[in-house]
Amino acid sequence: MTPLAASPLTRKLSAFVALSEAELAVLARLHGRRRSFVAGRDMAHQGQSDQAAFILSAGWVCSYKIQPDGTRQIVDFQVPGDFLGLRSVLLRTSDHSFEPVVDVEAAEVLTGDLLEAFAQTPRLATAILWAASRDEAMVVEHLVGIGRREAGARMAHFLLELGSRLALVGMGSKEGYDCPLTQYHLADALGLSAVHVNRVLRQLRESGLVTFRDGHVTFHDYSGLVDLAEFDPAYLDQTGPLLK
């Protein structure tokens, strides 16, 4: 197996399509411009134009918007195998910012490279559209979570979703996963205060469901956490390739 065939993005797209050697070669070219970014320094900022997209190879990134009063709403977290800024490339202006949570490695993808890849390999283009559609489905779930789920179910759903996303790229399981997020990240993502996040995590731990400590999430009662969150992973659409 080639390194690219085992890469996070290839593993992720393989949930939708069985990639051919020719498609893997095009995907390899998209990984040609490799860059490193340090934690805490934006890769792209809200309102920026002529922005490239990125394929995240290693590390975690948060996408966020700053409100006029200076508060931050984290829209989502990106993990290895995710695209960053795909929508901003096609719309010409970035409507939110990307900040590495830890030092990250990513491949820079220019608009011309992306359009050329789409023209050469329609199945790969369809797979990337699937990935973008999946991201949109996650945003819908996040909106439902912030608007309608109580804090414990909201946190449980978020941790389960992250676990499923990481399992797809070989970085998580129903036992748990490494997670570099702080309680402040969770607060800005879930619409809670940091104090409330601490209280909710303690309640989940004392209930024997899950522990988030020292950069690691440990599931103690996975099915119980699923019941609490009413978590249905169908929206993640990662049960197997639809295109052969």
Q: First select every other residue whose beta carbon is under 13 angstrom from the beta carbon of VAL26; then total the charges, Lys and Arg +1, Asp and Glu -1.
A: -2
Q | Per residue solvent-accessible surface (Å²) - the chain, probe of 1.4 Å | A | 48
Q: Count the net charge of all other residues whose Cβ sits under 13 Å from the Cβ of ALA229, scoring Lys and Arg as +1 and Asp and Glu as -1.
A: -4
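Report the Stokes-Einstein translational diffusion coefficient (µm² s⁻¹, integer) for the chain, Rh taken as the Kirkwood radius over Cα pairs, at 4 °C with viscosity 1.567 mPa s.
70
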Q. According to a simple spin-label model (label point 7 Å from Cα along Cα-to-Cβ), what is the distance in nm between ASP178 and ARG148?
A. 3.7
Q. Mean shadow of segment 167-244, computed from the convex hull of its alpha carbons, in nm²?
A. 6.2
Q.
Rounded, prolate or oblate, given the Cα gyration tensor of segment 99-138, with a/c below 1.5 counting as rounded?
A. oblate
**Q.** Protein accessible area in segment 8-121, 1.4 Å probe - carbon and sulfur %
**A.** 51
Q: Restrict the search to segment 1-96; then list the trypsin sites (Lys or Arg not before Pro) that DSSP places in a loop and that have at most 12 other Cβ atoms within 10 Å of their Cβ.
A: ARG41, ARG92
**Q.** Net charge contributed by nearby residues that have their C-beta within less than 13 Å of VAL200 (K/R +1, D/E -1)
**A.** +3
Q) Using a basic spin-label model with each label point 7 Å from the Cα along Cα→Cβ, how many nm lie between ALA194 and TYR235? A) 2.8
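The values are calculated or read from the model by the stated rules, or taken from the named source; none is laboratory data. Just so you know, these numbers come straight off a predicted model, no measurement behind them. Neighbour counts run over all protein chains shown; Cβ positions are idealised from the backbone, glycine included. SASA here: full protein model, heavy atoms, side chains in, ligands and nucleic acids out. Shrake-Rupley method; radii C 1.70, N 1.55, O 1.52, S 1.80 Å.
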